[in-house]
Amino acid sequence: MPQLTPDEPLVIIGNGMAGHRLVEALIKRADRPARIIVLGEETAPAYNRILLSPWLAGEMARDALTLRDTNWYADQGIELILGERVTGIDRQARRLTTDAGRTLDYGRLVLATGSRPAMPAVPGIELAGVHGFRDLDDAEALMAAADSGAETLVVGGGLLGLEAAEGMRKRGARAGVLQRADRLMNRQLDATAAALLEEELRGRGLAIHTGARLAWLEDDGRGRVAALHLEDGRRLPADCVVIAAGITPNTQLGEAAGLAMGRAIRVDDHLTSSDPHIHALGECCEFAGHTYGLVEPIWRQVEVLAARLCGEPTPGYREAATATKLKISGIALYAFGPTEADDDHEVLVYQDPDQGDYRRLLLRDGRLEGAVLYGDTAMGPWYFAQAQAGRDLGACRPALLLGAADADALLDDPNSATQPRPVKEAA
């Protein structure tokens, strides 16, 4: 792809984490586009959305979330436009329009519009007191509700939902969690780790409702939520409801512009849409049937796209396994691969009830395919590296649950005199 001329600006729609990461990658290159314009719908410059939960919990100041202030963009020669929403894209003229009436021409356009909470299609979802948890405004609304002692229910027992519930509890709200599945974080944790997590959270004062399917939200008669009704007939009072049950890609601009769509804006391995002048990045894009919600694959997309925009050769984006590192207010978890064992898996388990540590490994023909760690997660990166390498770990099986040093010693020398330390429970 030819480089942009000085008269052909690169316009990035979206000043979230993905769009900002692209800017950071571009300015490191000597052949960066001469003119870069960034538009953000929010009035604040880019911030770390991952830190919304500790901010809600009162564990950090608002300033700690900001990635770069507005002066930084000016110093880098970046035109930053905040508080304006792009309302249309004219692909033929290569021009876009904002809700402020501004028009901007582009040589290349990057859609980094992110996502929004997936709102369940149930009666009452539009009531006051029902919130998402994706941006600063959401967090501030939840802070106000918690500070007033709101009875809060969070719909969604994944990482975001648990962080939201724990943040509300720490701010003084009575909080509970509704999870459709039979266990918390069912996509990352096996039944044992999920039970340990639930026990810990219940001990902190959170109400946990698993197997809970939302049917409708009750109106208090004044347009505000008063309770949640479940499909099994239960009524759970709540005057604050947080929806954290997944995300929906923000694809409206791409759809209106006629770009090829799947669940999100379809892109090739260089993050190029069906229009060669328009790219999509992060949560709003779809590659080979995959959509995104974790930062690690998005960061890899950024490096590919930055090279592409600067005219540098790049092998293109490829899917890769991702390890999930989770921290829920002091509870450490690390997981990758399948959560359930099949008939061909060898299952290794270590558990120390006194320390609250749990490790479960899934091996096939001596090679590691999946791991769940709760409590002590120090071995997680080592396990993930062995799984990625497809290494035969048969020689170190006796030490595999104990420590990387013990396991490496046996891999280097299967006849090593190193004796694995005893464990309280291993299978």
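A quick yes/no check of all residues on (1) among the hydrophobic types (A, V, I, L, M, F, W, C); (2) part of a helix (DSSP H, G or I); (3) modelled with pLDDT of 95 or more:
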| site | (1), (2), (3) |
| --- | --- |
| 306 | yes, yes, yes |
| 312 | no, no, no |
| 340 | no, no, no |
| 344 | no, no, no |
| 368 | yes, no, yes |
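All of (1) assigned to a loop (DSSP other than H, G, I, E, B); (2) closer than 22 Å to residue 63 by Cβ hold for residue 140 with one exception: (1). Would you confirm whether any residue within the range 252-266 is under 30 Å from residue 224 (Cα atoms) and modelled with pLDDT of 95 or more? There is at least one residue in the range 252-266 that is under 30 Å from residue 224 (Cα atoms) and modelled with pLDDT of 95 or more. Only one of the numbered conditions (1) without any contact (Cβ under 8 Å) to a residue 40 or more places away in the chain; (2) surrounded by 20 or more Cβ atoms within 10 Å (Cβ to Cβ); (3) farther than 19 Å from residue 186 by Cα is violated by residue 362, and that is (3). Taken over the range 274-284, residues that are crowded, with 24+ Cβ neighbours inside 10 Å and assigned to a loop (DSSP other than H, G, I, E, B) amount to 1.
If the condition is being more than 22 Å from the chain's Cα centre (by Cα), without any contact (Cβ under 8 Å) to a residue 60 or more places away in the chain and in a loop (DSSP other than H, G, I, E, B), then the range 243-267 contributes 259, 260. Number of residues in the range 340-378 that are in contact with a helix residue (DSSP H, G or I) (Cβ under 6 Å, 6 or more places away or on another chain) and either of a type in the set (A, V, I, L, M, F, W, C) or closer than 17 Å to residue 324 by Cα (or both): the value is 6. Filtered by the rule that a residue be touching a helix residue (DSSP H, G or I) at 6+ places or on another chain (Cβ under 9 Å) and either of a type in the set (S, T, N, Q) or under 18 Å from residue 164 (Cα atoms) (or both), the range 3-42 gives 3, 15.
Quick grid of which residues meet (1) β-branched (Val, Ile, Thr); (2) crowded, with 18+ Cβ neighbours inside 10 Å; (3) over 20 Å from the mean Cα position of the chain (by Cα):
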position: 12; (1), (2), (3): yes, yes, yes
position: 22; (1), (2), (3): no, yes, no
position: 29; (1), (2), (3): no, no, yes
position: 33; (1), (2), (3): no, yes, yes
position: 39; (1), (2), (3): no, yes, yes
position: 43; (1), (2), (3): yes, no, yes
position: 54; (1), (2), (3): no, yes, no
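Against the definition (farther than 24 Å from residue 9 by Cα and surrounded by fewer than 17 Cβ atoms within 10 Å (Cβ to Cβ)), how does residue 74 come out, yes or no? No, not satisfied. Looking at the range 9-116, the strands (runs of 3 or more DSSP E) lying wholly inside it that each contain 2 or more residues that are of a type in the set (Val, Ile, Thr) sit at 10-13, 36-40, 78-82, 86-90, 95-98.
Out of all the residues in the range 350-361, is one or more hydroxyl-bearing (Ser, Thr, Tyr) and closer than 24 Å to residue 162 by Cα? Yes, that holds for at least one residue. Can you tell me which residues in the range 336-391 are aliphatic (A, V, I, L, M) and in contact with an Asp or Glu (Cβ under 9 Å, 6 or more places away or on another chain)? Of everything in the range 336-391, those that are aliphatic (A, V, I, L, M) and in contact with an Asp or Glu (Cβ under 9 Å, 6 or more places away or on another chain) turn out to be 341, 349, 361, 362, 363, 372, 373, 387. Taken over the range 285-304, the criterion of being in a loop (DSSP other than H, G, I, E, B) and either of a type in the set (D, E, K, R) or over 16 Å from the mean Cα position of the chain (by Cα) (or both) is satisfied by 288, 289.
One line per residue, one yes/no per condition, for (1) under 17 Å from residue 129 (Cα atoms); (2) assigned to a loop (DSSP other than H, G, I, E, B); (3) among the hydroxyl-bearing types (Ser, Thr, Tyr):
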| site | (1), (2), (3) |
| --- | --- |
| 160 | no, no, no |
| 164 | yes, no, no |
| 168 | yes, no, no |
| 175 | yes, no, no |
| 184 | no, yes, no |
| 198 | no, no, no |
| 202 | no, no, no |
| 209 | no, no, no |
| 218 | yes, no, no |
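Exactly one residue out of 307, 244 is under 29 Å from residue 128 (Cα atoms) and touching a Pro at 6+ places or on another chain (Cβ under 8 Å), and it is 244.
The values are calculated or read from the model by the stated rules, or taken from the named source; none is laboratory data. As the structure is a computational prediction, the values presented were derived from the model and not from experiment. Because the Cβ atoms are built from the backbone with ideal geometry, glycine has one as well, and the counts that use them run over all protein chains shown.
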